[in-house]
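To start, the structure itself, in structure tokens.
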Number of protein chains: 2
Amino acid sequence: MRIPILKLYDYLLISIQVELDDQTVLQFQEDVLNKIHQEGSRGVVIDLTSVEMVDSYIAKVLGDVVDMSKLMGAKVVLTGIQPSVAITLIDMGITLEDVATALDLEQGLEKLQRELEG
Amino acid sequence: MRIPILKLYDYLLISIQVELDDQTVLQFQEDVLNKIHQEGSRGVVIDLTSVEMVDSYIAKVLGDVVDMSKLMGAKVVLTGIQPSVAITLIDMGITLEDVATALDLEQGLEKLQRELEG
């Protein structure tokens, strides 16, 4: 199954509402990059509100999506990271240092708009 | 599998990117109504750009979602109906007369904003 990607003006909106396994997250990576290319998107919000668990591989792939999108010219904001996910990431030593984050989809979009237009 | 529903301010955004079967569309109906209740949404955009086929049952359930949402106080706009889907619907005698439609997600959102705020 593939994670739906919504195009809204210059942005892509994605809400991950399935448990991520290795294959899903790789397919997701490919789909996001293709969609950025196809739509000429300048920003991407990936909402993780419904994700309750990530392992180190999934965290790496998500981090890669951010870096790859940046190479292509699109800024990614991760939103809605749950306490349990934040705990797991830090425990694993993954700080996602250069990754923009926000509380929810709305604040993620506003962050993108500020950074890209302001 | 469930169709993700994104909340953006007063609206819900949904892009259906799987083939709809009877069970999926019923689950979808329940999820949309619950989400409207939970978030107090005033409008819903359901984007059908990726849907290439509907049968009479799915068309009926989608029409029901529109009517049920209206009862709950939320306006629904269907967007991105493909030529093949439009042909099938009209051939089946389903005109979705009272249903608001628009070309794509952006125009659907603008339609909602105009009608709810203007």
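Summed over segment B:81-118, residues that are in contact (Cβ under 8 Å) with a residue 24 or more places away in the chain and small (Gly, Ala, Ser) total 4. Here A:Ala86 fits the description: more than 14 Å from chain B (Cβ to nearest Cβ), over 24 Å from B:Gln17 (Cα atoms) and not hydroxyl-bearing (Ser, Thr, Tyr). Of the residues in segment A:21-31, not one is touching a strand residue (DSSP E or B) at 6+ places or on another chain (Cβ under 7 Å) and at pLDDT 95 or above. Scanning segment A:21-60 for residues that are within 13 Å of chain B (Cβ to nearest Cβ), crowded, with 19+ Cβ neighbours inside 10 Å and farther than 28 Å from B:Gln107 by Cα yields one hit, A:Val51. Of all residues in segment A:1-20, those satisfying the criterion of being more than 9 Å from chain B (Cβ to nearest Cβ) and surrounded by fewer than 19 Cβ atoms within 10 Å (Cβ to Cβ) are A:Asp10, A:Glu19.
Residue-level analysis places B:Gln23 among those that are out of contact with any Leu (no Cβ under 9 Å at 6 or more places or on another chain), without any contact (Cβ under 8 Å) to a residue 12 or more places away in the chain and closer than 30 Å to A:Glu19 by Cβ.
Residues are listed down the side, and each one gets a yes or a no for (1) under 13 Å from the mean Cα position of the chain (by Cα); (2) charged (D, E, K, R); (3) part of a loop (DSSP other than H, G, I, E, B):
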site	(1), (2), (3)
A:Asn34	no, no, no
A:Ser41	no, no, yes
A:Thr49	yes, no, yes
A:Glu52	no, yes, yes
A:Val66	yes, no, no
A:Val76	yes, no, no
A:Ile81	yes, no, yes
A:Ser84	no, no, no
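Selection of segment B:61-113 for residues being within 21 Å of B:Leu6 (Cβ to Cβ), modelled with pLDDT under 95 and surrounded by fewer than 13 Cβ atoms within 10 Å (Cβ to Cβ) yields an empty set.
The values are calculated or read from the model by the stated rules, or taken from the named source; none is laboratory data. Nothing here was measured: the structure is a model prediction, and the numbers come from that model. Because the Cβ atoms are built from the backbone with ideal geometry, glycine has one as well, and the counts that use them run over all protein chains shown.
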